[in-house]
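Structure first, then comments.
Nothing in this text is a laboratory measurement; each read-out follows from the coordinates by a stated rule. Computed from a predicted structure; not experimentally measured. As a convention, Cβ positions derive from the backbone with ideal geometry for all residues, glycine included, and neighbour counts pool all protein chains shown.
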Amino acid sequence: MVLPTDGDGRTDCEGLYAAGRITGQHHQTIVNAGHGAHVALTLIRDERPEYYNDWVVPEGYYARYDREVPEGVEEISIAERSRRTGRARDRMAAVFDDDSRSS
């Protein structure tokens, strides 16, 4: 069974989006992940088109261009970026530490 969608994952049922194999995409995981990301962006744009930005920028980045920081964008210092990177590495190390895996 294939669920019909438009090119962006919208179905005929308002508010229902679909992605991946059920829509006729190839079955490879990476293909489905990419399609899911594409459909997720469609959903966000449909629901809150003014919102979607998901990145951080260096402090002063937008001021340099005489622009306001858009909603959803966070300006952070170099020190904060380093702190977050270290925290992420620590979390990943805890998850993938060979000693913590059960045999």
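What is the sum of charges around Ala79, taking Lys and Arg as +1, Asp and Glu as -1, for the other residues whose C-beta is under 15 Å from the C-beta of Ala79? Mind dumping the intermediate values first?
Values: positive: Arg81, Arg83, Arg84, Arg87; negative: Glu59, Glu74, Glu75, Glu80.
Net charge around Ala79: 0.
In the Gaussian network model of the chain, springs joining C-alpha atoms below 10 Å, which of Ala18, Ala40, Ala88 carries the largest mean-square fluctuation?
Answer for the Gaussian network model of the chain: Ala88.
Here are labelled values, (i) 8.2; (ii) 10.8; (iii) 7.7, and one is the computed mean projected area of the Cα convex hull in nm² for what I pasted. Which one?
Here mean projected area of the Cα convex hull in nm² agrees with entry (ii).
Full extension from Leu41 to Arg21: what is 0.36 nm times the residue separation minus their Cα-Cα distance, to one decimal in nm?
Numbers: separation 20, 0.36 × 20 = 7.20 nm, distance 1.80 nm.
Once the chain is fully extended between Leu41 and Arg21, it gains 5.4 nm.
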